[in-house]
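Working notes, beginning with the structure itself.
The values are calculated or read from the model by the stated rules, or taken from the named source; none is laboratory data. On a predicted model such as this, the values are computed, not experimentally measured, just so you know. A quick note on method: Cβ atoms are made from the backbone with ideal geometry, for glycine too, and the neighbour counts reach across all protein chains shown.
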Amino acid sequence: MRILVSVDMEGIAGVVSAQQTIKGEASYEEARLWMTDEVTAAVSACKSVLPSCSVKVCDGHASKDNLLLELLPSEVEVAKQDDGTAMMCGVETCDLVIMLGYHGMARPSPEEGETAGGCQWGFLGSGSFLAHTNVPRWVECLSVNGIPLSEGLHNALLAKHFGVKLLAYSGTDVGVEEMRTSFPSLPAVVAVKSTEDNLVGVSPKEEIPKHIEKLKECVVTALKNSGLLNQPSESTLDCSSAPMPASDGPSEKQKEKDSHAGTEQSVQSRLSALPDIPLPSSDLQYKIRLRRLVDRKEFDTAVQTVREAQERETLSEPGPLQRTEETGDTAASGSASAASASPGPGLAAVCVSEDGRTLSFTAENSLQGFRTYRALLAALRRLPVRKD
C-alpha cells in the first residue's frame with residue numbers, strides 16, 4: 001500500500017495568524033515544527049496499521065521547503081516538486097492520500113460589485129480562517145462544472161484521475177465542512193477554528209498534543225474502516241490453474257508472482273469501492289473568477305514569459321503555452337495527455353471574459369485541467385496588481 005501525505009500550513013494546529021505561515025517571520029519556525037509533527041503523526045498511524053506500507057510526503061505550502069526533514073521518520077520518502085502536480089506531487093504512484101493543514105476556499109464577496117472586501121484572505125467577515133485558493137491576490141473563486149472547489153477538493157479531483165482515494169483530512173473547520181460537501185463521511189479532524197476575522201484563528205498551543213492524538217486516531221480508524229485490511233494473504237491465494245503434476249506445474253517463483261498479482265488486483269478492487277469526488281472524469285468546465293481585472297495584453301505577455309521559461313529551463317511545470325493566431329486566446333501546444341504525470345501534456349485553450357475578470361476553459365480530463373490551471377496561476381503571478 002502506497003500512501004501520499006499532502007501537507008499545507010494554514011490549517012496546522014497552533015497556527016492562528018498569517019504571519020506564522022510566512023518564511024522569515026519570527027513565529028514561522030515554531031509553526032514549521034508543528035507542521036512536521038503532524039506529518040510524523042500521520043506516518044506513525046499508517047505504519048501502526050500497515051507496517052509494510054510506503055509513505056511519501058509532499059510539502060505543498062508556498063516555497064515547498066517548510067518541513068524539517070531531519071525530524072521526519074527515516075523511512076519517509078519526500079516527494080520532489082518536479083512533476084507539475086504541485087501539492088499532490090507523487091500522487092500518480094500512490095493508492096491513498098491524506099491531506100493535512102488544509103484550509104477553506106476563496107469565495108466571492110456577497111456584496112454586488114465588491115471584490116476582495118479589502119482582504120486577500122477571502123472577503124472580510126466570511127468566517128473562514130485564511131481562506132484562499134492558491135493565489136490569494138488573484139483567485140476569487142475556482143469552479144469546475146459549476147461547483148466551487150477548494151484546494152483540497154481540486155486536489156481530490158486530480159487524485160481521481162490516477163485512481164487514488166482520499167483517506168483522511170485535517171485542517172480548518174471551514175475546510176473540513178467544504179470537503180464534506182463532496183465526501184460526507186470523510187474521516188477528518190478540525191485543527192483550527194475560524195472567527196469572524198479571517199486573519200484570526202483559534203488553536204491554543206496547549207491543545208496541540210491532544211490534536212496530534214486525535215489525528216493519529218483518525219488515520220488509524222480510517223484505515224481500519226476502509227476495507228483495505230481484509231486482503232487475502234499470499235498463503236491463501238490460489239492463482240494457479242487446475243492441479244497438475246509437480247514436474248509440469250508452475251515454478252515456485254511463478255506462483256509467487258501470480259500470488260502477488262492476485263493481491264494487487266484485490267487491493268485495486270477494494271480501493272475502487274472507496275468514494276470519489278462527485279465530478280466526471282472528462283469534459284470538465286473550468287471557471288476562474290479573478291479578484292481584479294486582467295489586462296489581456298499583459299496577460300498574453302505573462303503567458304509568453306511562462307512558456308519561454310519552461311523551454312529555457314526545461315521546467316517540469318505544465319506544457320508550454322502559446323497564443324492562437326485566430327482568436328488571440330491562450331492555448332496550449334501538444335495534445336491531450338493520458339494518465340501520466342510526466343511533463344508536457346497538452347493544455348486546454350483558455351478564454352478571457354469581456355470584463356477581464358474571468359478565465360475559462362474545457363479540460364479533457366482532470367490532469368489536463370490541473371496543469372492548465374497551474375500554468376494560468378504562473379502567468380497571473382507575473383502580472384502587476386492594480387486597483388480596479
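Condition (residue is closer than 21 Å to residue 80 by Cα and over 19 Å from the mean Cα position of the chain (by Cα)) applied to the range 23-30: is it met by at least one residue? Yes, there is a match, as at least one residue in the range 23-30 is closer than 21 Å to residue 80 by Cα and over 19 Å from the mean Cα position of the chain (by Cα).
Filtering the range 58-72 to residues that are closer than 30 Å to residue 377 by Cα and either touching an Asp or Glu at 6+ places or on another chain (Cβ under 7 Å) or part of a loop (DSSP other than H, G, I, E, B) (or both) leaves 59, 60, 61, 62, 63, 64, 65, 66, 67, 68.
Residue count for the range 66-97 under the criterion of being free of Cβ contacts under 8 Å to residues at least 60 places away in the same chain and in contact with a Phe, Trp or Tyr (Cβ under 6 Å, 6 or more places away or on another chain): the result is 0. Please enumerate the residues belonging to the range 1-27 that are in a loop (DSSP other than H, G, I, E, B) and basic (Lys, Arg). Passing the criteria: only 23. Pairs are defined by a Cβ separation below 9 Å, a sequence spacing of at least 6 or placement on different chains, a first member in the range 27-44 that is over 13 Å from residue 209 (Cα atoms) and touching a residue at least 12 places away in the same chain (Cβ under 8 Å), and a second member that is of a type in the set (D, E, K, R) and in a helix (DSSP H, G or I); the pairs so defined are 30/205; 42/216; 44/216.
Just one of the listed residues (279, 284, 271) is part of a helix (DSSP H, G or I), under 22 Å from the mean Cα position of the chain (by Cα) and at pLDDT 50 or above, namely 271.
The criterion of being modelled with pLDDT under 95 and in contact with a helix residue (DSSP H, G or I) (Cβ under 8 Å, 6 or more places away or on another chain) does not hold for residue 171.
Each residue in the range 200-245 was checked for being modelled with pLDDT under 95, under 16 Å from residue 14 (Cβ atoms) and touching a helix residue (DSSP H, G or I) at 6+ places or on another chain (Cβ under 9 Å), and 0 of them qualify.
Residues of the range 157-194 that are under 16 Å from residue 41 (Cβ atoms) and either free of Cβ contacts under 8 Å to residues at least 24 places away in the same chain or surrounded by fewer than 20 Cβ atoms within 10 Å (Cβ to Cβ) (or both): 190 alone.
Look at residue 133 and say whether it is of a type in the set (Ser, Thr, Tyr), in contact with a His (Cβ under 7 Å, 6 or more places away or on another chain) and either surrounded by fewer than 23 Cβ atoms within 10 Å (Cβ to Cβ) or assigned by TED's automatic domain parsing to the domain that holds residue 203 (or both). For residue 133, the condition - of a type in the set (Ser, Thr, Tyr), in contact with a His (Cβ under 7 Å, 6 or more places away or on another chain) and either surrounded by fewer than 23 Cβ atoms within 10 Å (Cβ to Cβ) or assigned by TED's automatic domain parsing to the domain that holds residue 203 (or both) - is not met. Among the residues of the range 185-202, is any within 21 Å of residue 366 (Cα to Cα) and out of contact with any Gly (no Cβ under 9 Å at 6 or more places or on another chain)? The answer is no, given that none of the residues of the range 185-202 is within 21 Å of residue 366 (Cα to Cα) and out of contact with any Gly (no Cβ under 9 Å at 6 or more places or on another chain). Every listed requirement among (1) outside any strand (DSSP E or B); (2) over 16 Å from the mean Cα position of the chain (by Cα); (3) among the acidic types (Asp, Glu) is met by residue 140 save one, (1). Considering (1) over 30 Å from residue 41 (Cα atoms); (2) modelled with pLDDT under 95; (3) aliphatic (A, V, I, L, M), the lone condition that residue 144 does not fulfil carries the number (2). Answer yes or no as to whether residue 100 is more than 14 Å from the chain's Cα centre (by Cα), assigned by TED's automatic domain parsing to the domain that holds residue 218 and in contact (Cβ under 8 Å) with a residue 40 or more places away in the chain. No; evaluated as a whole, the condition is false for this residue.
Could you tell me which residue of the range 136-156 is surrounded by the fewest Cβ atoms within 10 Å (Cβ to Cβ), considering only residues that are over 26 Å from residue 383 (Cα atoms) and hydrophobic (A, V, I, L, M, F, W, C)? Out of the qualifying residues, it is 147.
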